[in-house]
Amino acid sequence: MTMNKFGNFERGAAIISLDTEQLWGHLDLLSPQQFEARFPNAPEFHDRLLNLLSGEGISATWTLVGALTLPGTRGPADPRFANTPRYWAEKIAAGN
């Protein structure tokens with residue numbers, strides 16, 4: 001984005017922030033099955049949103065909870081969580 005001689009941007013800018021913690025943000029309230037029943041196909045929403053933004057040439061930044069992207073985790077016993085407080089890791093499911 002470039003600025004004009006007055007120090008103002010030459011075109012407008014907007015920021016939209018979506019907090020979609022998925023199951024991670026609900027583990028203290030819902031089981032994975034309850035989450036899926038309440039928010040069916042939630043992960044597919046991200047694919048649809050990314051396709052819409054990309055189709056319109058809109059840039060986006062994504063942030064993911066790291067433990068949810070690990071392949072082959074052994075749940076709270078996974079050595080990658082050794083320095084993580086137990087109460088943070090205790091609800092991370094084993095698997096992919």
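Residues that are open to solvent by 40 Å² or more (accessible area, probe 1.4 Å) and under 30 Å from residue 14 (Cβ atoms): list the helices (runs of 4 or more DSSP H) wholly contained in segment 27-96 that include at least 2 such residues. Talk me through it step by step, then tell me what you get.
On the way: elements: 32-38, 42-55, 86-89.
The helices (runs of 4 or more DSSP H) meeting that bar are 42-55.
So, in segment 13-26, exactly how many residues are exposed (fewer than 10 other Cβ atoms within 10 Å of the Cβ), within 12 Å of the chain's Cα centre (by Cα) and among the aliphatic types (A, V, I, L, M)? Even if it seems obvious, please write down each step before you answer.
Of all residues in segment 13-26, those exposed (fewer than 10 other Cβ atoms within 10 Å of the Cβ) come to 13-19.
From what's left, within 12 Å of the chain's Cα centre (by Cα): 17-19.
Okay, now just the ones that are also among the aliphatic types (A, V, I, L, M), so 18.
Total satisfying the criteria: 1.
The values are calculated or read from the model by the stated rules, or taken from the named source; none is laboratory data. In this text, all values refer to a predicted model and were calculated from it rather than measured experimentally. As a convention, Cβ positions derive from the backbone with ideal geometry for all residues, glycine included, and neighbour counts pool all protein chains shown. Quick note on the areas: whole protein, heavy atoms, side chains included, nothing else; ligands and nucleic acids left out. Shrake-Rupley method; radii C 1.70, N 1.55, O 1.52, S 1.80 Å.
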